[in-house]
Amino acid sequence: MIKLVAVAGSLRQDSFNRKALQNALSFVEGEDIEIQKLDLETLDLPVFNEDLETKVPESVRELQRTIAKADLILIATPEYNRSVPGGLKNAIDWVSRTGSVPLTDKVVVLLGASTGGFGTVRAQIHLRQILMALGAFIIPQPEIHISYAAEAFNEDGSLKDEALKEKLKSLIQAGVNLVRKLRA
Ligand code: FNR
């Protein structure tokens, strides 16, 4: 059984990144994979403050435990001001501050959706850099940049672009395959 933790970098309920995440997850449903969705909105993490490290809030502990148990982490990130949204960076900063960094040696799959024409290219470059600093194994290819996200999804939440769907399927499969190879 592979434990997959899926997180959208947006806290917004109607987030395109939540939809993108759901599309990716639909390709691994039914496999030997346990899926847990991590919702940054309901987690309600405080803004990171080193002073809080002596009395770490339960929400942070829950996040750290969830990441520590995961075999595979799937992140769909928006792009805010050409970078990673503060809420997602805040969550990663909290995760990075435990005795053993739970992201080290974790397989991470990245994708992103934005309403602009670059489809989170810049945010994903920054996110890769951040995750590499923490020792994660980030699947290099294919890269999934969902641009003009307001027009990219059908009513039922599925992606309109069939070629992009195929790319997304091979991305998530690459993550699952790497977890299996690391275990073997
Ligand atoms: C944005 N947006 C945006 N889009 C983009 O392609 N490049 C960018 O640099 C930015 N910058 C940015 C800053 C801030 C503060 C906001 C709120 C938005 C637009 C963004 O892509 C759009 O709001 C997406 O819909 C956000 O993703 P979710 O919430 O739909 O997942």
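At a glance:
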read-out: Given (1) in a loop (DSSP other than H, G, I, E, B); (2) within 11 Å of the ligand (Cβ to nearest atom); (3) more than 20 Å from residue 152 (Cα to Cα), index of the condition residue 97 fails; value: (2)
read-out: Residues (among the hydrophobic types (A, V, I, L, M, F, W, C) and within 11 Å of residue 109 (Cβ to Cβ)) located in segment 163-183; value: 168, 171, 172, 174, 176, 178, 179
read-out: Test result for residue 117, within 13 Å of the ligand (Cβ to nearest atom), assigned to a loop (DSSP other than H, G, I, E, B) and touching a Ser or Thr at 6+ places or on another chain (Cβ under 8 Å); value: yes
read-out: Selection count, segment 34-52, where residues are free of Cβ contacts under 8 Å to residues at least 40 places away in the same chain and surrounded by 10 or more Cβ atoms within 10 Å (Cβ to Cβ); value: 10
read-out: Members of segment 11-21 that are open to solvent by 70 Å² or more (accessible area, probe 1.4 Å) and touching a Gly at 6+ places or on another chain (Cβ under 7 Å); value: 11, 19
read-out: Whichever residue in segment 155-169 is open to solvent by less than 60 Å² (accessible area, probe 1.4 Å) and part of a helix (DSSP H, G or I) and, among such residues, is nearest to residue 31 (Cα to Cα); value: 168
read-out: Of residues in segment 119-130 being crowded, with 16+ Cβ neighbours inside 10 Å and polar (S, T, N, Q), the one farthest from residue 97 (Cα to Cα); value: 120
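Here is a yes/no grid of residues against (1) modelled with pLDDT of 95 or more; (2) open to solvent by 10 Å² or more (accessible area, probe 1.4 Å):
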residue	(1), (2)
56	no, yes
65	no, yes
83	yes, yes
87	yes, yes
94	yes, no
97	no, yes
100	no, yes
112	yes, no
117	yes, yes
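The values are calculated or read from the model by the stated rules, or taken from the named source; none is laboratory data. In this text the structure is predicted, and so the values were computed from the model without any measurement. Cβ: placed from backbone, ideal geometry, glycine included. Neighbour counts: every protein chain shown. The area values use the complete protein model at the heavy-atom level, side chains included, leaving out ligands, DNA and RNA. Shrake-Rupley method; radii C 1.70, N 1.55, O 1.52, S 1.80 Å.
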